[in-house]
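Let me begin by presenting the structure, written as structure tokens, before commenting on it.
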Amino acid sequence: MIRKSTRRIAVLLAVSDVAATWVALATAYFLRFRAEIVPITKGIPEGSADESALVLARFNPGTCTMGGAPCSEDDDCGMLTGIC
């Protein structure tokens with residue numbers, strides 16, 4: 001009985017921590033960019049050449065998701081089956 005109670009409390013604390021973190025981040029974003037307490041005067045700074053060279057993912061429209069083969073039909077491109 002005590003173990004179930006302790007587990008419930010641990011889950012409740014973990015969920016409340018995630019919720020509190022999300023609320024804090026959303027509030028900070030709102031206050032910074034929507035309420036403009038501190039005005040945005042210079043816009044978003046340009047990235048460096050190193051940052052623009054960093055590629056995390058590249059998406060090629062018109063290629064199949066399986067193996068990168070060109071699709072015969074561009075409309076659905078294997079979206080339902082995953083193959084061309």
From the residues in segment 25-45 that are surrounded by 10 or more Cβ atoms within 10 Å (Cβ to Cβ) and of a type in the set (Ser, Thr, Tyr), which one is modelled with the highest pLDDT? Thr27
Report whether or not Ala14 is modelled with pLDDT of 90 or more and within 18 Å of the chain's Cα centre (by Cα). no
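The values are calculated or read from the model by the stated rules, or taken from the named source; none is laboratory data. This structure is a prediction, so every number in the text was calculated from the model and none was measured. When we count neighbours, we look across all protein chains shown, and the Cβ atoms used for this are built from the backbone with ideal geometry, even at glycine.
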